[in-house]
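Written out below as structure tokens is the structure these notes cover.
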Amino acid sequence: MNTQLQCMEERNMLLQKTKPPNFNVLSNAIEFSEPLVTFGQPNNSHPMLPQTTPLSQQSSQHCLPNCSLDNVTYTKLIQYSTKTGSLVHGKLAHAHMVKTCFKPCLFLLNNLLNMYCKRGELDSACNLFDKMPKRNVISYNSLISGYTQVGLFDKAMGVFNEARMAGLKLDKFTYAGALCVCGQTCDIELGKLVHGLIVLSGSGSDVVLTNSLMDMYSKCSRVDHARILFENSDNLDNVSWNSLIASYARIGANEETLRTLVKMHQCGFSLNTYTLGSALKACCKFFDNSELFGKLLHGYTVKLGLDLDVVVGTALLDMYAKTGDLGDAIQIFKVMPYRNVVMYNAMIAGFLQIDTFSYEHANEVFNLLSQMQRLGVKPSTFTFSIILRACKSVEAFEYGKQVHTQVCKYNLQGDEFIGSGLIDFYSSLGLFEDALKCFNLTPRLDIVSWTSMVAGYIQNGETESAFDLFYKLLASRKKPDEFIISSMLGACANLAAARSGEQIQGYAVKAGVGKFTIVQNSQICMYAKSGDIDSANLTFTETENPDVVSWSVMICSKAQHGCAREALELFELMKNCGIAPNHITFLGVLTACSHGGLVEEGLRYFEIMKNDYGMTTNVQHCACAVDLLGRAGRLVDAENFIFNSGFEDNPVMWRALLSACRVYKDTVAAKRVAEKLINLEPQAAASYVLLYNIYNDAGIELPAKKIRELMTDRGVKKEPGLSWIEVGNKVHSFVSGDQSHLMIQLIYARLEEMLGKIKKIGCMVTSGPEIKDRRVVHYHSEKLAVTFGIISLPQSAPVRVMKNLRVCSDCHTTMKLFSEVEKREIILRDPIRFHHFRDGACSCRDYW
């Protein structure tokens, strides 16, 4: 708030007494080139004295004249220091008042208080305020503004209450300061109380307070209240219209933003840079005719001559970048005569909007950073954060380290925004120690920093460390937000730890973030990956505003559980709801067709993705197409598809074809495909094992033996099988032939009993023409885990087991028989899909 405007009459009376002082003369009285006082030691010789070094200790060549200046001269000096931001000059003038025992008037003291507040010297301001012999409402307004400026909102409201208790008549600036605090803290209840005080004071019709109230309500997400004020006010100005337009833009009511803009123009109000900036922000989103509105506004800015204004130019650049017209954004950037850091940030962020962000785009981003530094534009914290995102996207580790160096050069390493970016960057590269150092060195850890560190652990499989850090966050009494809750649910999904996931979900509901779409999306994924597709489906139906992620996660979940038809029905329903599918959605659709044996439907959707939606297929989509062709027995077509796909050097494609060769027992094609696959991944054990199983199933022992020898010669070791099951609040893990579990003897006894039941009904399980060591096969990890689940869980509860490797043929057949003889539902998850065993049958229909 401008204290000069609040006391115009007093200022004019003082300034009429004399002409404006000659600053050359003043500079002779106070030497600006070198500070005369330091604010390090207390001096109680004057009630207005800041902490100074006694002037008697200064060098004689710096001594000021002993005569005092007058109030007007001192006021001019203080105002000049405030305007130029030269705090040291203002302190020199203050020190001169103290030395000469000058008694300043209230107007001068208020200007001095205003200077300290505006420069963030709140300790000096508070000290001065406490020792002022007399205060008026302007004094309180300055201190409220100062505390608000540095984020000390509780102290600002404390000063507001002091002003009320002092019996002063509060003015519109006092109330506006209190409303600003309510808006910044989103305290709607306190804001309503201040609103009530304004009405009682009779100032409710003042346009300044109307605008402040509208701003407060909109920041508290109550735009409806702001609209009521707007419609019932008789005194509206440009600020009122701009405030309402900005409110709608802030909450994403884009069409209402533009309607209000049209009404403003029709009412004869001129559109300025801030009006156009908010309207262009609304055009960044996709809605009916949004692109047309954006171009119309662009034309209007040219007509008004505002297209070269840096605020409007930045908004135009941002609009074109976010709507996919990066070329137009670049042209706007090039023609701008003046570019500030905000415009550079918008241009850099525009490149990161590209779906296929590449090294070429990253180089453009890095060149922009170099350009702005050459031109003397100081990068902001946001600049470095988006540059770090670019480094992360293309794994430019060396350049990222250089950016970190620049952060230290500008002394920004303590900023929590930068700290989060550095944590995210190092975590994405698996450099936990460096990420943890950045985390520990960030002095003010906000929730984003905690979320970045937790997400980094989860992305790199350090789930236990993620949980430890999450518990530390709770112990620190910081409130987790929806993003960290989503990350923790993702960790539970990776572990298939449904019990832990339910606890996180319960906390989310208690914390008031359970209804956020991002949380519910992670909750769907957690239940689905834990084998509980019914709970996942229930969460999806309870999601109030499902987005493309919600639909995609549910479709992928149905596909993984073998519910192919349901997945395709969801996809059609999604289109009918007006939600445009993305790459992940189509991956789920193709996976559903693959797992459900819907070959023709899958190939049709593959073509729809390319032709109707114009999407570029990636290796996962093409691998699904190979799997579809292989499922139909069209192995030659599948091989030709690989060569024509552009991904012939990607092992994922050949592994899908090799799986099809196993199903159709085509050892000739399997040998050719396996050789290609082993050349691409010589150290990947899965390729050797798959080919070994193909030969073994076909009864060809010599080639199978050679595969084992080749693995030994090359030092390729098969990853040990690990299965786990959650019972109660604990995860129990098993390996083949495990002897470590506390109940292992009981587990083996019950397993032998169930195997005996299978034999009694005349079923004999084999995994090849001959099993030399049947005990090893019988004691595979998934059989031990399932047996433990049957022992520990009630009869009505399904047995959910997770495994790190694909289930073998023997175990797959055994699980079907266990589900029949024990009358239990068994759900087994391997890296490829879920197998639901019921009544002697599997949901995969023996194709996996």
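The values are calculated or read from the model by the stated rules, or taken from the named source; none is laboratory data. Everything quoted here is computed from the prediction, not taken from an experiment. With ideal geometry, Cβ positions are generated from the backbone for all residues, glycine too; neighbour counts draw on all protein chains shown. The protein model used for the area step is the full one, side chains on, heavy atoms only, and it has no ligands, DNA or RNA in it. Shrake-Rupley method; radii C 1.70, N 1.55, O 1.52, S 1.80 Å.
Shown here is the pair-distance distribution of the range 202-334: with all Cα-Cα distances grouped in 10 Å bins from zero up to the longest one, the shares run 13, 43, 30, 12, 2, 0 percent. Per-residue Karplus couplings for the range 487-494, computed as 6.51 cos²θ - 1.76 cosθ + 1.60 with θ equal to phi - 60°, are listed in order as 5, 5, 5, x, 5, 5, 5, 5 Hz, Gly and Pro entered as x.
For the range 471-583, a Kirkwood radius taken over Cα pairs fed into Stokes-Einstein (4 °C, viscosity 1.567 mPa s) yields D = 90 µm²/s. The trypsin sites (Lys or Arg not before Pro) found in the range 449-546 that occupy coil by DSSP, while having at most 15 further C-beta atoms within 10 Å, are 477, 478, 515.
Tell me, what is the percent relative contact order of the range 249-310, built from C-alpha pairs under 8 Å that lie six or more residues apart?
33 percent
The apolar share of the surface of the chain, taken as the fraction of accessible area on carbon and sulfur atoms (1.4 Å probe, ligands and nucleic acids excluded), comes to 52 percent.
Need one number for the range 658-705: average projected area of the convex hull over its C-alpha atoms, nm². Taking the Cα atoms of the range 658-705, their convex hull projects to 2.9 nm² on average. Looking at the range 321-352, the chymotrypsin sites (Phe, Trp or Tyr not before Pro) that sit in a DSSP loop and have at most 15 other Cβ atoms within 10 Å of their own Cβ are 338.
For the range 253-323, compute Rg over Rh where Rg is the Cα radius of gyration and Rh is the Kirkwood radius from the inverse mean 1/r over Cα pairs. Could you put the intermediate results ahead of the total?
Working: Rg = 11.1 Å, Rh = 11.9 Å.
Ratio value, two decimals: 0.93.
Kindly identify the range 363-436 as rounded, prolate or oblate by the Cα gyration tensor criterion: order the square roots of the eigenvalues as a ≥ b ≥ c, call it rounded if a/c is under 1.5, otherwise compare a/b with b/c, prolate if a/b is larger, else oblate. Verdict is oblate for the range 363-436. Once the 1.4 Å probe is applied to the protein heavy atoms, the range 636-685 comes out at 50 Å² accessible per residue.
When only alpha carbons are used to place a centre, the range 731-750 and the range 553-579 end up 38 Å from one another.
Return the calculated 222 nm mean residue ellipticity for the chain, to the nearest 500 deg cm²/dmol, obtained by summing -39500 (n - 2.57) across DSSP H runs with n ≥ 4 and dividing by the residue count.
-20500 deg cm²/dmol
Using alpha carbons only, how many degrees (0 to 90, rounded to 10) separate the axis of helix 381-394 from the longest principal axis of the chain? The angle comes out at about 20 degrees.
Over the range 554-711, the pair-distance histogram of Cα-Cα distances with 5 Å bins from zero comes to 2, 10, 18, 19, 17, 13, 10, 6, 3, 2, 1, 0 percent, rounded to whole numbers. Within the range 356-382, name every residue whose backbone N is under 19 Å away from a label modeled 7 Å from Cα of residue 406 along the Cβ vector. Inside the label zone: 358-382.
A 1.4 Å probe run over the range 477-601, with the rest of the protein chains in place, finds 41 Å² accessible per residue. Hey, what did the chain get for relative contact order, percent, Cα under 8 Å, at least 6 apart? Contact order relative to length: 4 percent. Across all directions, the average projected area of the convex hull around the alpha carbons of the chain is 45.7 nm². Measuring how big the range 445-490 is from its alpha-carbon positions, Rg and Dmax come out at 9.3, 26 Å.
With the Kirkwood sum run over all distinct C-alpha pairs, the range 129-266 has a hydrodynamic radius of 15.6 Å. Remark: the range 353-369, residue by residue, has Karplus-estimated 3J(HN,Hα) of 6, 5, 5, 9, 5, 10, 4, 4, 5, 4, 5, 4, 4, 5, 5, 5, 4 Hz, where x stands for each Gly or Pro and the curve is 6.51 cos²θ - 1.76 cosθ + 1.60 at θ = phi - 60°.
Amide H to amide H distances under 5 Å link residue 840 with 819, 820, where only residues 5 or more positions off or on other chains count and H is placed in the peptide plane.
Each eigenvalue of the Cα gyration tensor of the range 408-472, multiplied by 5 and square-rooted, gives one semi-axis; in descending order these are 20, 12, 8 Å. Can you give me the C-alpha center-to-center distance between the range 266-344 and the range 231-246, rounded to a whole angstrom? For the range 266-344 versus the range 231-246, the Cα centre distance is 22 Å. Applying both filters, DSSP loop and at most 13 other Cβ atoms within 10 Å, to the trypsin sites (Lys or Arg not before Pro) of the range 775-826 gives 823. Each residue of the range 630-636 was assigned a 3J(HN,Hα) from its phi angle through the Karplus curve 6.51 cos²θ - 1.76 cosθ + 1.60 (θ = phi - 60°); the sequence is x, 4, 7, x, 8, 5, 5 Hz, with glycine and proline shown as x. Relative contact order of the range 180-240: 36 percent, from C-alpha pairs under 8 Å at least 6 residues apart in sequence. Calculated on C-alpha atoms, the gyration radius of the range 280-437 divided by its Kirkwood radius gives an Rg/Rh of 1.02.
Summing Lys and Arg as +1 and Asp and Glu as -1 over all other residues whose Cβ lies under 12 Å from the Cβ of residue 782 gives a net charge of +2.
Accessible surface calculations at 1.4 Å, restricted to protein heavy atoms, place the range 245-401 at 49 Å² per residue. Put simply, the Cα atoms of the range 90-153 extend 36, 23, 15 Å along their principal axes, the longest span coming first. Computed on the Cα trace of the range 787-846, the radius of gyration divided by the Kirkwood hydrodynamic radius gives Rg/Rh = 0.93. Based on alpha-carbon centroids, what's the gap between the range 79-103 and the range 595-626 in Å, whole number please? Cα centroid of the range 79-103 versus Cα centroid of the range 595-626: 74 Å apart.
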